[in-house]
Amino acid sequence: MQNSEIILVSITGMDKPGITTALTEILGKYNATILDIGQANIHKSLSLAIIFKSENGSSGNILKEMLFKANTLEVGIRFRALSEDEYNNWVKVQGKNRYIIHILGKELSALQISKVSQVLLEFELNIERIIRLTQRIPLDRHINRTCFEFAVRGNLSKIKEIQNRFLTLSSELTIDIALQEENKYRRMRRLICFDMDSTLIQTEVIDELAEKAGVGKEVKAITESAMNGEIDFSESFKRRIKLLKGLDQSVLREIAENLPITEGLERLMSILKKSGYKTAIISGGFTYFGDYLKDKFGFDYVFANSLEIIDGKLTGNYLGDIVDGKKKAEYLKLLSKIENIDIQQTVAVGDGANDLPMLSIAGLGIAFHAKPTVKKNANHALSTVGLDGILYFLGYKDSSEDIEMTNIS
């Protein structure tokens, strides 16, 4: 009858070549089965853990040889026997009740990390792994962003409650904190839909048109009220567009060529296209400017409002349906069907109250540099960096080749 033992081995010390090789060679010599292995290295400081199963009473010899080898390699080593129940219970929770938390800011201090950790402790979430997604911090130059990814486990009966806590903390500490459930969809996002005005570009185009038409103050007041959700978007749209009557068509091109592009857009689109994502603009703005951005950055789809133009002049009317909040959500659903993907594989990004319907149904909805009322009603927010910060929420990390996918499971 075989006699098996399960042993957890923990190795710590200064990292050097050959440690993993030497210890696993000992296990191989005695035909031990490695049940799990994990390693981390921070500034040449090694943390290595191995769970193995040995048969026929060979564990005593294995531990002796490992202890001797660790002494030779000048690393610390500890052993702990695991019962079958302990090991089986550990296996059962694998992949269940796991969440990924991203902490992102221009710089992250120990205080900021500790405040987030305190919330995790309060909600009884255990940190299993932490990795840095941004590049290592050089001492001789200023960095413009830092992002850490926490893999945590625990039972969250009220996810919205902890998200609200993180939202408050984000505002207090000037950082972004995003919590996502770790499931198959988190790694399988395929479609990203963006609002345009004040998201892809740092302006509201209708305000730019209004300035050219000499009605800037009137239109800006209506725009601000609509963005804050104080008046219905469709009503505000009709009122604003009427004020543009008589504006020359040539103004559209002039404005398009001088649009203030949001920081990080070019990098974000380059990486998304290389990774095979489909991208769309779903905007309450105008198709003329959406098409301009489509041609410049390579978006796959554009859905926006069409201005009526007769004899080279804006008539103050529009063509087709108004793209309001409800319509944005409908277009997101339509695109998921066209691309033959689950709605949970979609991402929506926007800043205004009219973006909330599509943010709420997307697998990942991100309020980008949004008003407080919009942030409060969205599940995720990005306010500290540019659009390419979205890549960290998608599981990418910086590398020498710009960015790569993380390998956390």
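Data for the structure
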read-out: Helix 287-297 vs. the chain, principal-axis angle (Cα, 0 to 90°, nearest 10); value: 40
read-out: Whole-number percent relative contact order across segment 191-378, with pairs defined as alpha carbons under 8 Å at least 6 apart; value: 26
read-out: Filter on 217/245; 184/337; 92/160 - keep pairs with C-alpha separation over 23 Å; value: 92/160
read-out: The chain: angle of helix 216-227 to the longest principal axis, Cα-based, in degrees nearest 10; value: 40
read-out: Per-pair calculated FRET efficiency, R0 = 30 Å: residue 137 and residue 89 via Cβ, rounded to 0.05; value: 0.20
read-out: Under 15 Å from residue 327, Cα to Cα: aspartates and glutamates that are on another chain or at least 8 residues apart; value: 195, 232, 235, 355
read-out: Placed amide H near residue 348: partners under 5 Å, 5+ positions off or other chain; value: 193, 364, 365, 366
read-out: Linear extension gain, residue 291 paired with residue 239, 0.36 nm per residue minus alpha-carbon span; value: 16.3 nm
read-out: Ranked 114, 383, criterion: other C-beta atoms within 10 Å, fewest first; value: 114, 383
read-out: Residue-by-residue Karplus 3J(HN,Hα) for segment 105-114, coefficients 6.51, -1.76, 1.60, Hz, glycine and proline x; value: x, 4, 9, 10, 9, 4, 4, 4, 4, 5
read-out: Ranked 295, 300, 324, criterion: other C-beta atoms within 10 Å, fewest first; value: 295, 300, 324
read-out: Sorted by Cβ density within 10 Å, fewest first, the residues 364, 156; value: 156, 364
read-out: Crossing angle, helix 19-29 versus the chain [Cα axis fit, 0-90 degrees, rounded to tens]; value: 50
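Coordinate-derived values only; no laboratory data. Since we're looking at a predicted model, the values are computed, not measured. Glycine gets a Cβ as well: all are built from the backbone with ideal geometry, and neighbour counts include every protein chain shown.
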